[in-house]
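The values are calculated or read from the model by the stated rules, or taken from the named source; none is laboratory data. Please read these numbers as outputs of a predicted model, since none were measured by experiment. Positions of Cβ are backbone-derived with ideal geometry, glycine not excepted, and every protein chain shown enters the neighbour counts.
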Amino acid sequence: MSVDFHHISVMPKETVDGLITDLSGTYVDCTLGGAGHSKMITDRLNSDGRLIGIDQDDSAIEAAKRRLSDCQCRVDIVKDNFSNLENILADQGVDQVDGVLFDLGVSSHQLDTAERGFSYMQDAPLDMRMNQQKNFSAYDIINDYELNELCRIFKEYGEERWYKRIAQFIVEARQTSPIKTTGELVDIIKKAIPAAVRNAKGGHPAKRIFQAIRIEVNNELGILEDAFKTAVKHLKPGGRIAIITFHSLEDRIAKNVLKEMASGCICPPSLPICMCNHKPEIKLLVKGTAASVEELESNSRAKSAKLRIAEKLD
């Protein structure tokens, strides 16, 4: 298996500066990837510090192990999905931690590795699995989902205006033979969107559809709310959660969850007195900052990124 895992971490200094509060603390990187953020974290921690890195991608784990092999702090790498954060922490013998990081979305390595099928720019088998041990892939969605199911994910997860027409073209095309590659799918999408619209739209016509399929394959949105709340639950007072998002759907979830947890009363405005007794659990520190102009010049994939950081209250 290749260990050449290329990924440029987004807003690394801003993220790590905002996350670390104790150089002897325990930190969890829920999206380890190539260990870009984790390497910066471990470089700052002393010998009493600890990093727990979580990823479901074998290539990422192999690359991270190499990159973190000479750290002075303790490093534990777990192959799993952060949706299982509660059990992961229990297995690691940890109840409270000093910081938790979520760097969401697809990595540069996954996009650039053609055979993974994440990119609409390279022809490859329809795949898009972050965990390659899973049986369910993009192929199953494109070839097995009913028309109404395709419409749902293209509309909800892709926010694609032409969702219905694209879904109809896919269903029609697969009646002749299965759609097997990203290239075939891109051609179908291009045919479904009128040429005048494609030319005026800007950006690749398949971008939103590929996003929608990837989200569905990996259940990316369905696991976020519980994972964020679990992370906050296990923070020490003064501990911090940092979340980096890359599109409006996941950012909306992050924003709403953190806002709710930072709020006092959440009763309907019509109630004359508070009945919920809801108390703020966190304090918002960074409310959706974007990458700097300098970073964007060297890493165009940071263009849509937003960083949110919150601190656990006593």
Problem - Only listed residue being surrounded by 21 or more Cβ atoms within 10 Å (Cβ to Cβ), in a helix (DSSP H, G or I), in contact with an Asp or Glu (Cβ under 9 Å, 6 or more places away or on another chain) and not β-branched (Val, Ile, Thr), chosen from Ala167, Ala173 - result: Ala167
Handout entry: helices (runs of 4 or more DSSP H) enclosed by the range 195-292 - at least 1 residues per element that are free of Cβ contacts under 8 Å to residues at least 40 places away in the same chain and polar (S, T, N, Q)
Key = 195-201, 248-261
Practice task
Please determine, by comparing only the residues of the range 206-233 that are among the acidic types (Asp, Glu) and at pLDDT 95 or above, which one is farthest from Glu14 (Cα to Cα).
Solution key: Glu216
Completion exercise
Screening Lys180, Lys191, Lys207 for residues that are charged (D, E, K, R), over 19 Å from Gly117 (Cβ atoms) and touching a Phe, Trp or Tyr at 6+ places or on another chain (Cβ under 9 Å) leaves only Lys191
Fill in the blank from the handout: Note on Ala63: of the conditions (1) more than 30 Å from Leu284 (Cβ to Cβ); (2) surrounded by fewer than 22 Cβ atoms within 10 Å (Cβ to Cβ), unmet is (2)
Fill in the blank from the handout: Conditions (1) at pLDDT below 95; (2) surrounded by 23 or more Cβ atoms within 10 Å (Cβ to Cβ) -> Gln56 fails only (2)
Exercise for the section: Output the number of residues of the range 288-314 satisfying the condition of being at pLDDT below 95 and charged (D, E, K, R). Expected result: 6
Completion exercise
Of the residues in the range 176-194, those that are farther than 18 Å from Asp140 by Cβ and assigned to a loop (DSSP other than H, G, I, E, B) come to Thr176, Ile193, Pro194
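Every residue, every condition in (1) modelled with pLDDT under 95; (2) closer than 19 Å to Pro12 by Cβ; (3) in contact with a strand residue (DSSP E or B) (Cβ under 8 Å, 6 or more places away or on another chain), yes or no:
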{"position": "Leu235", "(1), (2), (3)": "no, no, yes"}
{"position": "Arg240", "(1), (2), (3)": "no, yes, yes"}
{"position": "Thr245", "(1), (2), (3)": "no, yes, yes"}
{"position": "Ala254", "(1), (2), (3)": "no, yes, yes"}
{"position": "Ile273", "(1), (2), (3)": "yes, no, no"}
